[in-house]
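Read through the structure below, which is laid out as structure tokens, and then see the notes.
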Amino acid sequence: MNTAEQILVIFLSVALAIFLIVGIVIGVHILRLLKKVETLADAAESISDNIRDTIEKLTALSTLRGILGVITGNKSSHKKSNKDDEE
């Protein structure tokens, strides 16, 4: 091997070492980021479940109010029509 080949081998070895270290560091950061994203996704899922449960409860309550409104509304409109007839 002559001097030019030795310099080229050393240069490529150093470049490979640098890229390997940078790759490992980037890989570790990506794994940490993925764990945080997973935690965030779990929190978002929990929040969406809570919102869905709240909406279901409000819908049930609204339906109950609607039924009670129909029942009481019919009675009150019946009473109003009787009052209108008397006048």
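Each reported figure results from applying straightforward, stated rules to the coordinates on display, with no laboratory input. Quick caveat: nothing in here was measured; it's all calculated off a predicted structure. Counting neighbours? That spans all protein chains shown, and the Cβs are built from the backbone with ideal geometry, glycine included.
So what is the diffusion coefficient of the stretch 1-71 in µm² per second by Stokes-Einstein at 37 °C and 0.692 mPa s, using a Kirkwood Rh over Cα pairs? Value of D from the Cα-based Kirkwood radius: 185 µm²/s.
Taking Cβ atoms as reference points and 15 Å as the exclusive limit, the residues near N50 contribute a net charge of -3, counting Lys and Arg as +1 and Asp and Glu as -1.
The label-point distance for S62 and I24, in a model that sets each label 7 Å from Cα toward Cβ, rounds to 5.8 nm.
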